[in-house]
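Peer 1: Here's a structure for you.
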Amino acid sequence: MAVSLSAAASPLPFAETFDTLSPGSVSTQNGWTNLSGTTVVQSNVFANGSKALEIQSGTVTHAISSGGTSVWTSFQAFITAAPDADPVVTNASTSVAFFINTNLNVVVYSNQTPIRLNVAVQTNTWNRFDVFCDYGNMKWILSVNGTNVADNLGLYSASSQIESLLIANESPASVYFDELSVMDTEPAGTIVDTDKDGIADWWEQHYFGGVTNAMPNQTGTNGLTYLQIYLAGLDPVDANDVLLLNKAAGRKFNWARKPDRQYDVYWTSNLTSGFTFIQTAAGSEFEDTATNRIQMSSGFYQIRVHR
């Protein structure tokens, strides 16, 4: 089994559960292209929902477009047997590539060098794979079943943007794929945090060059700790980057929301008296309808973010 991302197409975010596709060949369905072998949508083995993609000695690809510099890809794979031979990368523009070898070990490419990891996947069970590709720094991270197994890897080529996703199984034994997603914003519910400091591995590597390099209580240039900066979705090297309330009509406000965050709204009539909690926002906007505050001649609102 091999997976690679190359540097048009479905814009991100792109999600594929295969549940809405028709049984049979996946080719031409929802933008998928069969390059070789048997690639079919079936309903006997699946991770969630009702269907999954089965590949036997085959390869499929899907064109994807994104203007961003960061890409998160995740999927689940069910491998029925060890492959007969190790695959090779044939696309010189590949950004990220990894595969499962004949001993069921994960092999990743750092630049064009294959590295065998001391990580084995189990057959006949679903395994989750998460990839973070950082085109800004030309690095990538791989996590398997929620654990970081390789980081600070160099991209295979100098391609600076994703153009397609390729999934291959060169063995006649079936491999099933399900719950695929490709995003250019941080996904919800899949954050891997190797050092358990509350800051995601991808963020630490992107801004500090390693998945354990950011100290959560260290203060950044804008006066906040790195943990606070990460939770707010800010740039730790930009002193002017702050979490802002954007005023819409009347007493309605909105802000840039990040996944897996909770946003609390506070208010005060006087900046010297401290803020009072109003409510936890359900989404990324808030409208104040309280008569006692609306009737005030002046007032101040504040947004606070946490997990």
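Peer 1: Show the residue pairs that are 6+ apart or on different chains and have beta-carbon atoms under 9 Å apart, the first residue being within the range 168-187 and within 14 Å of T59 (Cβ to Cβ), the second being among the aromatic types (F, W, Y) and not in a strand (DSSP E or B).
Peer 2: From the range 168-187, the pairs are F177/F18.
Peer 1: What number of residues in the range 249-269 are more than 25 Å from W203 (Cα to Cα) and surrounded by 11 or more Cβ atoms within 10 Å (Cβ to Cβ)?
Peer 2: Selection size over the range 249-269: 8.
Peer 1: Listed residues T102, T61; which is of a type in the set (S, T, N, Q), outside any loop (DSSP other than H, G, I, E, B), closer than 27 Å to P172 by Cβ and at pLDDT 95 or above? Give the derivation first.
Peer 2: On the way: T102 fails: outside any loop (DSSP other than H, G, I, E, B).
The unique qualifying residue is T61.
Peer 1: In the range 113-128, how many residues are closer than 11 Å to F78 by Cα and not charged (D, E, K, R)?
Peer 2: In the first step, residues of the range 113-128 are kept if they are closer than 11 Å to F78 by Cα; the result is 121-128.
Remaining after also requiring not charged (D, E, K, R): 121-127.
Total meeting the criteria: 7.
Peer 1: Another question, then. Could you please find all residues in the range 228-275 being at negative phi, small (G, A, S) and under 20 Å from the mean Cα position of the chain (by Cα)? Please lay out each step first, then the result.
Peer 2: Taking the range 228-275 first, the residues at negative phi are 228-232, 234-249, 251-259, 261-273, 275.
Among the residues that remain, those that are also small (G, A, S) are: 232, 239, 248-249, 256, 269, 273.
Selection gives A232, A256.
Peer 1: Are any of the residues in the range 68-84 part of a loop (DSSP other than H, G, I, E, B) and under 26 Å from E204 (Cα atoms)?
Peer 2: To start, the set of residues in the range 68-84 that are part of a loop (DSSP other than H, G, I, E, B) comprises 68-69, 80-84.
Those still in the list that are under 26 Å from E204 (Cα atoms) too: 68-69.
Checked the range 68-84: at least one residue is part of a loop (DSSP other than H, G, I, E, B) and under 26 Å from E204 (Cα atoms).
Residue by residue, here is whether (1) assigned to a loop (DSSP other than H, G, I, E, B); (2) aromatic (F, W, Y); (3) closer than 20 Å to W32 by Cα holds:
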{"residue": "W140", "(1), (2), (3)": "no, yes, no"}
{"residue": "N148", "(1), (2), (3)": "no, no, no"}
{"residue": "Y156", "(1), (2), (3)": "yes, yes, no"}
{"residue": "S171", "(1), (2), (3)": "yes, no, no"}
{"residue": "G189", "(1), (2), (3)": "yes, no, no"}
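Peer 1: Hey, any hits in the range 124-133 for a residue that's in the same structural domain as K51 (by TED's automatic domain parsing), at pLDDT below 95 and among the β-branched types (V, I, T)?
Peer 2: Checked against the condition, which is being in the same structural domain as K51 (by TED's automatic domain parsing), at pLDDT below 95 and among the β-branched types (V, I, T), the range 124-133 yields no hits at all.
Peer 1: Ok, one more. For T212, are the conditions met, namely being surrounded by fewer than 17 Cβ atoms within 10 Å (Cβ to Cβ) and of a type in the set (S, T, N, Q)?
Peer 2: Working: surrounded by fewer than 17 Cβ atoms within 10 Å (Cβ to Cβ): no; of a type in the set (S, T, N, Q): yes.
No, not satisfied.
The values are calculated or read from the model by the stated rules, or taken from the named source; none is laboratory data. As the structure is a computational prediction, the values presented were derived from the model and not from experiment. All Cβ positions, glycine included, derive from the backbone under ideal geometry; neighbour counts span all protein chains shown.
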